[in-house]
């Protein structure tokens, strides 16, 4: 599924992803499933932060974290 992750992400969100892709030597033509897997750990981390903020009653902070992992609307 061709979804662009991290629609409203911060630059720092991508650093671990780029590091992983570089270490794995991924280059064009990409294995898109393998490429997408590099985004999962950071996405899961941001969702956990959003859920924590939500449980603490901080909806604004939770919203920011959720938006960081939101895919681009199609």
Legend entry - Test: residue 67 is surrounded by 14 or more Cβ atoms within 10 Å (Cβ to Cβ) and farther than 14 Å from residue 9 by Cα: no
Inset, instruction - State all residues of the stretch 19-31 that are in contact with a helix residue (DSSP H, G or I) (Cβ under 8 Å, 6 or more places away or on another chain) and either outside any helix (DSSP H, G or I) or modelled with pLDDT under 90 (or both); if no residue qualifies, say none. - result: 24, 26
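The values are calculated or read from the model by the stated rules, or taken from the named source; none is laboratory data. Computed from a predicted structure; not experimentally measured. Ideal geometry is used to build each Cβ from the backbone, glycine not excepted, and the neighbour counts take in all protein chains shown.
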